[in-house]
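Undergrad: Next up is a structure, given as structure tokens.
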Amino acid sequence: GAVVSQHPSRVICKSGTSVKIECRSLDFQATTMFWYRQFPKKSLMLMATSNEGSKATYEQGVEKDKFLINHASLTLSTLTVTSAHPEDSSFYICSARKGTGALQQYFGPGTRLTVT
Amino acid sequence: DAKTTQPPSMDCAEGRAANLPCNHSTISGNEYVYWYRQIHSQGPQYIIHGLKNNETNEMASLIITEDRKSSTLILPHATLRDTAVYYCIVRLESGNTPLVFGKGTRLSVIA
């Protein structure tokens, strides 16, 4: 099966700083990558969709200037949380897709962000 | 708008079958039913999917009613490691839309 990795798995940062999360498709080229956010005991909420080489499409209510997404290659997407605040503490999950089929969407293990 | 409805939580005794229901009364003819699960602090894991016929794989069985308005995921012999949130999702098999997750069912397998 296809493997998606995320780094770091956990990160703690101070309020006001920025933190970058990497998402890599290890054994396939991802035409599209997705970023989800999950608060405790809640479901996954789609934040944005990104295609390699183009600007990300953000879901309603997600601030594009706060959550910077870069998808510079077919195997790497990054999510940068800028000027993080405690309310940004969450579980961030990336997903990579190598085709258009629903089963072609693979999920990373997630990154736990804690902002103090 | 939610396209699926699932009970928020269920308990199951270890070794017994876990039957997780899902209502999808507005499903269209070419939409599939997908099941994923998420173990605590991990990414979602694909379980099974189907269109009309019942399906079985090494993880589970999927029973879809004849009118396709509901389905049941069956874990034949639940173990403690099956404790997770189970998501039922309906969508087209192909297309550009990402997987969208509802609230799911939190299954607790009890020893």
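Undergrad: Considering only residues of the range A:68-92 that are closer than 16 Å to A:Ser9 by Cβ and aliphatic (A, V, I, L, M), which is nearest to the other protein chains (Cβ to nearest Cβ)?
TA: Here the answer is A:Leu79.
Undergrad: A further question follows. Can you tell me which of B:Gly43, B:Gly104 is small (Gly, Ala, Ser) and touching a residue at least 12 places away in the same chain (Cβ under 8 Å)?
TA: B:Gly104 is the lone residue from the list that is small (Gly, Ala, Ser) and touching a residue at least 12 places away in the same chain (Cβ under 8 Å).
Undergrad: What are the pairs, 6+ residues apart or on separate chains, where a residue within the range A:93-116 that is at the interface with chain B (Cβ under 8 Å from one of its Cβ atoms) has its Cβ under 8 Å from a residue that is part of a helix (DSSP H, G or I) and modelled with pLDDT under 90?
TA: Note: pairs meeting the criteria are A:Arg97/A:Gln104.
Undergrad: Hey, can you tell me all the residues within the range B:22-35 that are at pLDDT below 95 and within 22 Å of A:Gly110 (Cβ to Cβ)?
TA: Answer for the range B:22-35, where residues must be at pLDDT below 95 and within 22 Å of A:Gly110 (Cβ to Cβ): just B:Tyr34.
Undergrad: Would you confirm, using the coordinates I've provided, whether B:Ser71 is part of a strand (DSSP E or B), of a type in the set (Gly, Ala, Ser) and buried (at least 18 other Cβ atoms within 10 Å of the Cβ)?
TA: So B:Ser71 passes the test.
Undergrad: So if I check each of B:Asn53, B:Asn19, B:Asn57, which one is modelled with pLDDT of 95 or more and more than 14 Å from chain A (Cβ to nearest Cβ)? Even if it seems obvious, please write down each step before you answer.
TA: Numbers: B:Asn53 fails: modelled with pLDDT of 95 or more; B:Asn57 fails: more than 14 Å from chain A (Cβ to nearest Cβ).
The unique qualifying residue is B:Asn19.
Undergrad: With the structure loaded, tell me whether B:Ser108 is within 14 Å of chain A (Cβ to nearest Cβ), out of contact with any Phe, Trp or Tyr (no Cβ under 7 Å at 6 or more places or on another chain), at pLDDT 95 or above and surrounded by 13 or more Cβ atoms within 10 Å (Cβ to Cβ) or whether it fails that test. Quick ask: steps written out before the conclusion?
TA: On the way: within 14 Å of chain A (Cβ to nearest Cβ): yes; out of contact with any Phe, Trp or Tyr (no Cβ under 7 Å at 6 or more places or on another chain): yes; at pLDDT 95 or above: yes; surrounded by 13 or more Cβ atoms within 10 Å (Cβ to Cβ): yes.
Yes: the conditions hold for B:Ser108.
The values are calculated or read from the model by the stated rules, or taken from the named source; none is laboratory data. Every value quoted in this text rests on a predicted model; they were computed, and no experiment measured them. With ideal geometry, Cβ positions are generated from the backbone for all residues, glycine too; neighbour counts draw on all protein chains shown.
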